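Report on the following structure.
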Amino acid sequence: MSTLDQSRYLATPIPGPRSQELIDRKAAAVSRGIGNTMPVYAARAFGGIVEDVDGNRLIDLGSGIAVTTIGNSSPRVVDAVRRQAAEFTHTCFMITPYEGYVAVAEHLNRLTPGTGEKRSALFNSGSEAVENAIKIARSYTGKSAVVSFDHAYHGRTNLTMALTAKSMPYKHGFGPFAPEIYRAPLSYPFRDGEFGKEIATDGALAAKRALTVIDKQVGADNLAAVLIEPIQGEGGFIVPADGFLPALQGWCRDNNVVFIADEVQTGFARTGAMFACEHEGIEPDLIVTAKGIADGLPLSAVTGRAEIMDAPHVSGLGGTYGGNPIACAAALATIETIEADGLVERAREIETLMKDRLGRLQAEDDRIGDVRGRGAMIAMEFVKPGTLEPDAELTRALCAGCHAAGVIVLSCGTFGNVVRFLPPLTISDDLLVEGLDVLELVLKDL
């Protein structure tokens, strides 16, 4: 696998004939509700390249939505998975437990922000971990209401759909949703500027706006948890103004409300820190992780203060596959790779390269309203020139043009007008620059 050439190459137009065959087979065999971003079918992937079934090599600026953070089929992970699969594939941790689960929990307790005693519980997906974090918070506080934020994305299960802000495609037609979910305004510096420079730059002031809504619409006496992505993912890679997150956490501590950080997309070195909360020095009561935790194997976790994590009764948490032994082996190898190969620092290097390049592009093109993000989690927000009006049509055309040219990019945002970049941290500078070269050429053609 490590011999996969780290270069962009188009053997056929995209999609090629074999991908087209599989597109036709999918239409006949797979639910229409499962969509695809790219019209190609993967055959191999390594480092910063995905090779499709027609031999096209694509530059990967998506990492499977921030999952293959250490690069696809990372050598330590491949070796660990092979070893574990040869020993046993499943026993169910709730029946006959095994060391791998305990070891992953120990690492999470060590790595996540906070110096006090911590506990962890393992699950399968980000949505499942979010649901369990809410269960734990309700058990600990004896209260039921939960607050999430404008533009939030927390998953596709019933409770997490209720927590998610965007209707289409995540919620439309799937209700009714879980009750006792409320929404507060986020700090969104680019768009808050419309209401004045102060609220766009003063996170404490933006938090005051949110907390006023929470106090009036819910009330601390009814509120079990405040749930927030430290940097929003699907909502548009929105980085709140400095001071917003600490002010929310301080209010939660003062009012017996559990502060939950959803680090599903931001965790594990993605933002130039092991966890995005570290950028503002906050210590969540509970932190939810998934995606980058195991280099592509299904695993998620809730980690937090011991007295909160221990609140549910025995057997109140669990699941047949939660903390699967192969996924745990992958997670241990992933954490080893991040720490041994200096990938937190590598994420910062990627941020410097990308922000410099995209910032220069923004200075020349008034369709680029904002360039933002941290580490290898960077976004461009597109607007109609001279306005804040979102330009989703341009965003769609830009993504399609990049895809046709062999570069995997993703869109996001409530208004569908944000292009997000999530390159693997193992991508070379040359490959990253080439991907951005393609993006710039496509944008100029549009």
Considering segment 123-138, residues that are touching a Pro at 6+ places or on another chain (Cβ under 7 Å) and part of a helix (DSSP H, G or I), and then whichever is farthest from residue 168 (Cα to Cα), we arrive at 136
Only one of (1) in contact with a Lys or Arg (Cβ under 8 Å, 6 or more places away or on another chain); (2) at positive phi; (3) modelled with pLDDT of 95 or more does not apply to residue 114, and that is (3)
Within segment 3-26, the residues that are in the same structural domain as residue 56 (by TED's automatic domain parsing), of a type in the set (D, E, K, R) and within 29 Å of the chain's Cα centre (by Cα) are 26
Checklist entry - Going by the conditions given, is residue 341 acidic (Asp, Glu) and touching a residue at least 40 places away in the same chain (Cβ under 8 Å)? => result yes
Checking the structure you have, find out if any residue of segment 23-40 is buried (at least 20 other Cβ atoms within 10 Å of the Cβ), out of contact with any Pro (no Cβ under 6 Å at 6 or more places or on another chain) and not hydrophobic (A, V, I, L, M, F, W, C). no
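Residues checked against (1) within 25 Å of residue 246 (Cβ to Cβ); (2) buried (at least 19 other Cβ atoms within 10 Å of the Cβ); (3) in the same structural domain as residue 217 (by TED's automatic domain parsing); (4) of a type outside the set (A, V, I, L, M, F, W, C):
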position: 140; (1), (2), (3), (4): yes, yes, yes, yes
position: 150; (1), (2), (3), (4): yes, no, yes, yes
position: 157; (1), (2), (3), (4): no, no, yes, yes
position: 161; (1), (2), (3), (4): no, yes, yes, no
position: 164; (1), (2), (3), (4): yes, yes, yes, yes
position: 172; (1), (2), (3), (4): no, no, yes, yes
position: 188; (1), (2), (3), (4): yes, yes, yes, yes
position: 197; (1), (2), (3), (4): yes, no, yes, yes
Among the residues of segment 213-258, the number that are within 22 Å of residue 199 (Cβ to Cβ) and either in the same structural domain as residue 421 (by TED's automatic domain parsing) or not aliphatic (A, V, I, L, M) (or both) is 18
Restricting segment 312-333 to residues that are surrounded by fewer than 17 Cβ atoms within 10 Å (Cβ to Cβ) and β-branched (Val, Ile, Thr), the one farthest from residue 93 (Cα to Cα) turns out to be 314
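The values are calculated or read from the model by the stated rules, or taken from the named source; none is laboratory data. None of the values given here were measured: they were computed from a predicted structure. Note that each Cβ is placed from the backbone with ideal geometry, even for glycine, and that neighbours are counted across all protein chains shown.
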